[in-house]
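Okay, so here's the structure we're looking at.
Derivation of every value follows stated rules applied to the coordinates shown; laboratory data play no part. All values derive from a computational prediction rather than experimental measurement. Backbone-built Cβ (ideal geometry, glycine too); neighbour counts: all protein chains shown.
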Amino acid sequence: MAKVNIPAAMRSLTGGESCVEVAGATVGEVVAALDERYPGLAARLTQEGPAGIKLRGGLTVFVDGEMPLGGLKARVGPESEVYFSPAIAGG
Amino acid sequence: MATKTDEMIPATEADAAVYRVIGTRPVRPDGVDKVTGRAIYGADVVLPRMVHGKVLRSPYAHARIVSIDTSEAEAIPGVLSVITSKDLPSVQATAKLGEGGEVNLGHLSGNVLAREKVLYQGHAIAAVAATSPHIAAEAVRKIRVQFEELPPVMDVRLAMEPGVTLLHDDLFTETAGEKAAQPSNVAAHLIAEEGDIEAGFAAAHLIVEREFTTATVHQGYIEPQNAVAEWRADGQLTVWCSTQGAFVVRSQLHSILQHPISQIKVVPTEIGGGFGGKIPVYLEPLAAVMSRKIGRPVKMTMDRAEVLMGTGPTPGTYVMVKMGVDRDGMITAAQSSMAFEAGAFPGSPVGAGVMTVFAPYAVKNVRIDGYDVVVNKPKSAAYRAPGATMAEYASETVVDEICRELGMDPVEFRRKNGAKEGDWRAFAPPYPRVGNLECLDATEASAHWRTPLERQGADGKLRGRGIASGYWFNVGLTSSCSGRLNGDGTVTLLEGSTDIGGTRASIAMQFAEAFGIEYEAVHPSVVDTDSVGFTEVTGGSRTTYATGLAAVELAKELQIRIKGELAKLWEVPADAIAANGAVFANNGKSLTLKEIAALMEENGLQIQAAITVSPTGSGGAFATHIADVEVDPETGKVDVIRYTAVQDAGKAIHPSYVEGQMQGGVVQGIGWALHEEYVYDEKGQLRNGSFLDYRIPTTLDTPLIETIIVEVPNPGHPYGVRGVGEVPIVPPPAAIANAIFDAVGVRLRDLPMSPRKVCAAVQAAAG
């Protein structure tokens, strides 16, 4: 099961839980599993894009400390740690 | 500015790897051209039949545009085109442009040319192309615009009040994907939280809560924005401009003009500074549209007043910091609430402020709220570690106050609470290996820290010393390099990263190290968007890290291709060929790179390759700075008399350029701390729109800046590189504020700490 860190502003949907464990082989599957357990999370984490559902603009996902390419299709391992966080720019 | 090369300290013996090229200080490839005046900047670009463009800017901070009459301007002989926002396509979507988050293209386009409203003084309204700059300027004066003035909203906290004038009727506060029901000037609310903040404060022996404000300041790059655009009859658009990222200019032009990206080529010229401010486009779309209309190249340049009024500064901010500590000086809780001025459109660097405000500390109970707020000022742009300087000015000043209250040594407090590998950080997974504690050790061991300060200066001036730490996370993103072996055994290295801080050298050095050849045998060039693979901006302290990594991979790929050709020649498997520097050998046979290059040329073969990488292990950078100041209590004037910057560079590829980045960051930080601010009147008029009145530091304002490079290798790079360009601007305002307190016993919590404010604080303290 992947460990998912829930952004603070979305914890009202998880009953205050900051870290939850869900199954999923990709970021998209993790989001679907989260939504099944905590309805409404997928709508906050994803949005409709020209090529289908994508990670919400302004969000970044980290898997095991890395920012993987592929967005929702990025691979997630059974022991992975997943973080969703705002995308922050530099100068 | 006086400079001094100081120390370099590897974290451990194992970290002190031995390299041939890395760590040396070769001459930069662009040096001769720059010192002899031959380097081509944007303003030097001249094309056949080129004409000149000029922008009409808003005189008001906030007004509705009732009508625009361009007829008088168009009638002037020599005027070829006058455009307004009606000449730009209407775009509504969002797109990823450059670093990080999503950009609202309607806002991007609306900043280039105002639509229904002007949202800041200097907001572009129209543009003119004419046969001479003087005719263009005259025509701009003949454009008649009827305005309906609206109340300007200039203060970030006032802008958040209910009932205040709204800049945008369609802007709703977004909190993690959830939109508020009512429109607001608050575009976004960010939250970072960990542990139990209430329990943390309940366990505290001492709680300090303070409020800070910082002024809007500009990056102060010396070369103003410029652009030359040529839109040919076949639809091919070529733009020459001063930019931090040719590809991001191409993306923005594609989005704003709705023109196919394949028909846009951007040629980056040499760049006279950017510091984050040369990522957005301003003139490029205007020059392009006018060039399309008239079929001639159009050149546009800004003057200094236009740069200050019309381009993105870094925002003014409000930051509240509250920290609790136990009797032993351990942090039990940390809280911050910060509001950043985004300017006229959403997109301040408040996210980075949230991410960095407590970054130097291992905090277990923490809550941080960040608000992105629109006001009637230019749309903010990035500025060197955007958001971090304001946030850490607040937290590092509070930390100093706590140390004073507890009677603790400020280095010891920071080390005791210092963030290290595995500790929590906002908006990202726990820290990988970082050099925070190592910087503190180096600070404590430095000659500066160990030398007692003479407390009394001349003429009744008082001296003080302060320290502050800072963090910047750095980024990776996408970079490309391509290269080919020349007939003389040298390598041409093409890079997509514009070179602001000496990166042609630092990237070529990594290539040379990886390939095993001399630095002088590598010829790096920054090329246009048609000539190399996609590369993100030179920003986020990413270029030496990410483009350097691309160069390392390119070197490996070229070696593989050389071995492939030799394998055919020698009729052996490629993996049986050994490469030892510039010599390739197999079973007694060997050829030097020069011999191979000549052989290839004779046989009509070309060894070449292209590499694109998107690394994610950029590694963050910590710094700790020591400032000594001398304060004149009569006038409030503060002079920085000694300064030492300690910074973890991971691995300093070219130590001189690392030192230069550290010193440059400190100088800008001194300006931010003591001198620089946008001064607006109550109608939102900028009162200091020139370098005579907007005071950036000169050599007379800056002391000897000593540098100590700490090297804690970044595990995300083969040589351990961390970005170095941004973090050195973070600690100076807090270090100087803490030094001022040490000198005269007053806390300054509003930047800049100008003589007027220091004088008033000293007088108030004296009663």
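Overview of results
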{"quantity": "Average other protein chain Cβ within 10 Å of Cβ, residues A:58-67", "calculated": "5"}
{"quantity": "Proximal charge balance of B:Pro378 [Cβ under 12 Å; K/R count +1, D/E count -1]", "calculated": "+1"}
{"quantity": "Over 16 Å [Cα-Cα, the range B:543-641], rounded percent", "calculated": "70 percent"}
{"quantity": "Rg followed by Dmax, in Å, when the range B:279-330 is reduced to its Cα trace", "calculated": "22.9, 74"}
{"quantity": "Label-point separation in nm, A:Ala25 to B:Arg450, each point 7 Å along Cα→Cβ", "calculated": "6.0 nm"}
{"quantity": "Separation of alpha-carbon centers, the range B:452-500 and the range B:7-78, rounded to whole Å", "calculated": "18 Å"}
{"quantity": "Karplus 3J(HN,Hα) series, Hz, for the range B:82-88 with 6.51 cos²θ - 1.76 cosθ + 1.60 (x for Gly, Pro)", "calculated": "10, 10, 10, 4, 5, 8, 9"}
{"quantity": "Whole-angstrom gap from the range B:602-625 to the range B:719-767, using each part's C-alpha centre", "calculated": "38 Å"}
{"quantity": "Of B:Lys117/B:Lys683; B:Lys377/B:Lys637; B:Lys568/B:Lys594; B:Lys54/B:Lys379; B:Lys34/B:Lys594; B:Lys416/B:Lys461, those spanning more than 25 Å from alpha-carbon to alpha-carbon", "calculated": "B:Lys377/B:Lys637; B:Lys34/B:Lys594; B:Lys416/B:Lys461"}
{"quantity": "Selected from B:Ala578, B:Leu566, B:Met509, residue furthest toward positive end of dipole (the range B:435-583; charges at beta carbon)", "calculated": "B:Met509"}
{"quantity": "Long-range Cα-Cα pairs in the range B:695-744 (distance over 14 Å), rounded percent", "calculated": "72 percent"}
{"quantity": "Shielding by partners - mean other protein chain Cβ count within 10 Å, residues of B:576-582", "calculated": "0"}
{"quantity": "Relative contact order computed over chain B (Cα-Cα under 8 Å; 6+ residues apart), in percent", "calculated": "17 percent"}
{"quantity": "Dipole magnitude of the range B:22-70 about its Cα centre (Cβ charges: Lys, Arg +1; Asp, Glu -1), debye to nearest 20", "calculated": "100 debye"}
{"quantity": "The range B:501-561: translational diffusion in µm²/s, Stokes-Einstein, Kirkwood Rh over Cα pairs, 10 °C, 1.306 mPa s", "calculated": "132 µm²/s"}
{"quantity": "Cβ neighbours within 10 Å from other chains - mean over A:2-14", "calculated": "4"}
{"quantity": "Dipole of chain B, positive end: most advanced residue of B:Leu453, B:Ile294, B:Thr543 [Cβ charges, Cα centre]", "calculated": "B:Ile294"}
{"quantity": "Chain B: antiparallel DSSP beta bridges as a percent of all, rounded to 5", "calculated": "75 percent"}
{"quantity": "Descending Cα extents along the principal axes, the range B:40-125, whole Å", "calculated": "44, 40, 23"}
{"quantity": "Stokes-Einstein translational diffusion, the range B:360-422 - Kirkwood Rh over all Cα pairs, 1.002 mPa s, 20 °C, in µm²/s", "calculated": "150 µm²/s"}
{"quantity": "Relative contact order %, the range B:318-447, counting alpha carbon pairs below 8 Å whose residues are six or more apart", "calculated": "25 percent"}
{"quantity": "Residues with amide H under 5 Å from that of B:Ala63, placed H, sequence gap 5 or more", "calculated": "B:Val118, B:Leu150"}
{"quantity": "Per-selection Rg to Rh, chain B - Cα, Kirkwood hydrodynamic radius", "calculated": "0.99"}
{"quantity": "A:Glu48-B:Asp488 FRET efficiency (beta carbon distance; Förster radius 41 Å; 0.05 resolution)", "calculated": "0.15"}
{"quantity": "Beta bridge orientation in the protein assembly as shown: antiparallel %, DSSP, nearest 5", "calculated": "75 percent"}
{"quantity": "All-pairs Cα distance distribution in the range B:609-679, expressed in whole percent, bin size 10 Å", "calculated": "14, 35, 27, 15, 6, 2, 0"}
{"quantity": "For the range B:332-407 versus the range B:232-256, the gap between their alpha-carbon centres in whole angstrom", "calculated": "34 Å"}
{"quantity": "Check: the range B:480-593 dipole with +1 on Lys, Arg Cβ and -1 on Asp, Glu Cβ, in debye", "calculated": "260 debye"}
{"quantity": "For the range A:18-28, Karplus couplings with θ = phi - 60° (6.51, -1.76, 1.60), whole Hz, Gly/Pro x", "calculated": "9, 9, 10, 10, 9, 8, x, 8, 9, 4, x"}
{"quantity": "Distant-in-sequence amide H partners of B:Thr332 (H built 1.01 Å from N, under 5 Å)", "calculated": "B:Gly324, B:Val325, B:Asp326"}
{"quantity": "Potential extension, B:Arg756-B:Met320 segment - 0.36 nm per residue separation minus Cα distance", "calculated": "154.6 nm"}
{"quantity": "Sorted by Cβ neighbour density within 10 Å, fewest at the top, the residues B:Ile507, B:Ile596, B:Ile641, B:Ile560", "calculated": "B:Ile560, B:Ile641, B:Ile596, B:Ile507"}
{"quantity": "Cα pair distances in the range B:527-578, grouped into 10 Å bins until the bin that holds the longest one, percent each", "calculated": "22, 34, 23, 18, 3"}
{"quantity": "Pairs of Cα atoms farther than 24 Å apart, the range B:318-427, %", "calculated": "27 percent"}
{"quantity": "Backbone HN-Hα couplings from phi across the range B:205-220 [Karplus 6.51/-1.76/1.60, Hz, Gly and Pro as x]", "calculated": "8, 9, 10, 10, 10, 9, 10, 10, 10, 10, 7, 5, 10, 9, 5, x"}
{"quantity": "Per residue convex hull volume, Cα atoms of the range B:349-500, in Å³", "calculated": "259 Å³"}
{"quantity": "Kirkwood-based Rg to Rh ratio, the range B:81-153, C-alpha trace", "calculated": "1.04"}
{"quantity": "Global size of the range B:605-738 as Cα Rg and Dmax, reported in angstrom", "calculated": "19.3, 75"}
{"quantity": "Axial C-alpha extent at least 27 Å, average Kyte-Doolittle at least -1.0 - helices from chain B (DSSP)", "calculated": "B:548-570, B:655-674"}
{"quantity": "Cα-based convex hull volume of the protein assembly as shown per residue, rounded to whole Å³", "calculated": "176 Å³"}
{"quantity": "Gaussian network model of chain A, Cα within-10 Å springs - most flexible of A:Pro50, A:Pro78, A:Pro68", "calculated": "A:Pro50"}
{"quantity": "Ascending count of other beta-carbon atoms within 10 Å, so fewest first, for A:Thr26, B:Thr698", "calculated": "B:Thr698, A:Thr26"}
{"quantity": "Percent RCO, i.e. relative contact order, over the range B:605-729, from Cα pairs under 8 Å lying at least 6 residues apart", "calculated": "39 percent"}
